[in-house]
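Here the structure comes first, spelled out in structure tokens, and everything after it is commentary.
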Amino acid sequence: PGRDATLVLRDLAVRLRFLSGAERAQAERILARPDDGDVPIEGTGWTAPPANQQTECDPNVCVHWVNLPGDPDRTLTPFKAMVAATMAEVWSQEIATIGYKEPLDDSTSDNHGPDGRLDVYLADLGPAGVFGYCASDDPNLDNPTVFAVSAFCVLDNDYSPLQYGTSQAPVEFLQVTAAHEFNHASQFAYDSFEDLWLMEGTATNMEETVFEDVNDNVTFLQSSQLRHPAVPLDRSGFSDTEYGAWIFWRYLEEKVYGNDPGVIRRVWERADASTPLAPDDYSLNAVRKVVRADGRRFVDVYAGFGVTNRLRDYEDRALYPSTPTRDSFRLGPAWRGTGWRTAQLNHLTTVFFSFKPGPRVPAGGKLRVDVDLTQFGRATLISRYTSGPAEVRSFALGRGMRGTLRVRFGHRNVRRVDLALSNGSYRTRCFEDLDEPPFFSCFGTPTDDRRTYSYKARIAR
């Protein structure tokens, strides 16, 4: 898909050192900048003569465009001005305010624009279905010990509604694409080879952080744990789940850290591989260590993520889809309990079960729920009342990861009680699965998949 262009090109750049002859030449053309001409990605190689190729720089970014009338890559002056203003705003927010690393100086690239500043090219990307991308022509790509590289970026030259549709205005498409792709350029300064769910998830969340009134990224929630809580959070390279993972980073930023985007920057600082002394933690270890440094346990943070998703307890909740229920039960005098039931959970997944009181459950009725989990398991009850806010109670798990909770269950004041079971395991054997997607953190094999959780619910006497 067109939105995958940056990391597809990243994957090609990683493999450049293994290519030679005609294959190497073809790869270098694919990775070339628009002003290098013959770029075999539809619509990205400029054909305008040098006299019609223009450049304008501010202290941080150089914007390049074509002014040749009739050329498909031509950028009109008002839109070019919007690009310059947007890039200045993105730089201000992501670098100056949040504190991410600046994109690396590209002076050592054969084509580096006027100097080492970040180069942003405007081209007609619509025919390729691409909103924008960043790539690297850093000569260090040939060095297997270097993980941080410079970047250049390409944005569409007008985001015409005829090519991109009308779900957002052209300037809004420009804004969120610039916020997203620029974040990739900054990520490259930490570790350009990081896991997809971290790179795309945090870049997609950055759209919300910098331009909160533009909601283009909600389309990816259909591939997120809001809609598919039983699909591992860190699954990548398959069905856009790495983009849907942005809701986890939104949860971390908005709910756990009180709208502080600096927490995600801190994750990237743990993933930093730019020097031999940098931490170089892979994605899942990086976020685990950040929350642990703040006195939190990752398994509890992940369990809270599932509960927040179930409640849709976000600022933009009206735009977000609801989570599915695995099974629903109606309990009453005729059927007082479910008996023991089981569910298998993979790592970083959650499942939900609902219990509804029958019409003959008295006002003072109670529901007892018992759970029997595994090492990284957590369980939570969410009581939904006929009026007032939901009530959330977590199980205190004792020996053998077993626990019991009793909650109100009278049919006149309780609509339903939800049970959330989560597997917050972060354990994996790294670099065991390099061949084909789906991939997980550090291209690893998770060690705690298909864990059996047991639960039973009954009306308490």
Residue ID - least open to solvent (accessible area, probe 1.4 Å), chosen from residues in the stretch 160-171 that are closer than 25 Å to Asp71 by Cβ, in contact with a Phe, Trp or Tyr (Cβ under 9 Å, 6 or more places away or on another chain) and in contact (Cβ under 8 Å) with a residue 24 or more places away in the chain:
Tyr164
Among the residues that make up the stretch 393-400, is at least one of them among the aromatic types (Phe, Trp, Tyr), modelled with pLDDT of 95 or more and open to solvent by 10 Å² or more (accessible area, probe 1.4 Å)?
yes
Residue by residue through the stretch 27-51, note down the ones that are among the hydrophobic types (A, V, I, L, M, F, W, C) and part of a loop (DSSP other than H, G, I, E, B).
Leu31, Ala32, Val39, Ile41, Trp46, Ala48
Exactly one of Asp106, Asp138, Asp119, Asp142 is charged (D, E, K, R) and open to solvent by 20 Å² or more (accessible area, probe 1.4 Å), and that one is Asp142
Which numbered condition trips up Cys62, out of (1) outside any strand (DSSP E or B); (2) of a type outside the set (S, T, N, Q); (3) surrounded by fewer than 23 Cβ atoms within 10 Å (Cβ to Cβ)?
(1)
Can you pull out every residue in the stretch 299-339 that is more than 30 Å from Arg265 (Cβ to Cβ) and open to solvent by less than 40 Å² (accessible area, probe 1.4 Å)?
Phe329, Leu331, Gly332, Gly337, Thr338, Gly339
Here are some conditions: (1) of a type in the set (Asp, Glu); (2) surrounded by fewer than 18 Cβ atoms within 10 Å (Cβ to Cβ); (3) free of Cβ contacts under 8 Å to residues at least 60 places away in the same chain; (4) closer than 23 Å to Ala203 by Cα. Asp38 meets all but one. Which one does it not meet?
(4)
Take Thr452 and decide whether it is closer than 20 Å to Pro229 by Cβ, buried (at least 16 other Cβ atoms within 10 Å of the Cβ) and touching a residue at least 40 places away in the same chain (Cβ under 8 Å).
no
Which of the helices (runs of 4 or more DSSP H) found entirely inside the stretch 187-298 contain at least 3 residues meeting this: open to solvent by 40 Å² or more (accessible area, probe 1.4 Å)?
262-271, 283-293
Residue list for the stretch 345-356, restricted to those being assigned to a strand (DSSP E or B), open to solvent by less than 10 Å² (accessible area, probe 1.4 Å) and not small (Gly, Ala, Ser)
Leu345, Thr349, Thr350, Val351, Phe352, Phe353, Phe355
Of the residues Arg24, Arg33, only one is buried (at least 19 other Cβ atoms within 10 Å of the Cβ) and either closer than 27 Å to Met199 by Cβ or modelled with pLDDT of 95 or more (or both); which?
Arg33
Going residue by residue through the stretch 109-123, is there one that turns out to be hydrophobic (A, V, I, L, M, F, W, C), farther than 30 Å from Arg266 by Cβ and touching a Pro at 6+ places or on another chain (Cβ under 7 Å)?
yes
With Thr374, Thr308, Thr323, Thr342 as the choices, which residue is outside any helix (DSSP H, G or I) and within 20 Å of the chain's Cα centre (by Cα)?
Thr323
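The values are calculated or read from the model by the stated rules, or taken from the named source; none is laboratory data. Since the structure is predicted, the reported quantities are computational estimates derived from the model, not experimental observations. Glycine gets a Cβ as well: all are built from the backbone with ideal geometry, and neighbour counts include every protein chain shown. Surface areas here come from the heavy atoms of the whole protein model, side chains and all, with no ligands, DNA or RNA. Shrake-Rupley method; radii C 1.70, N 1.55, O 1.52, S 1.80 Å.
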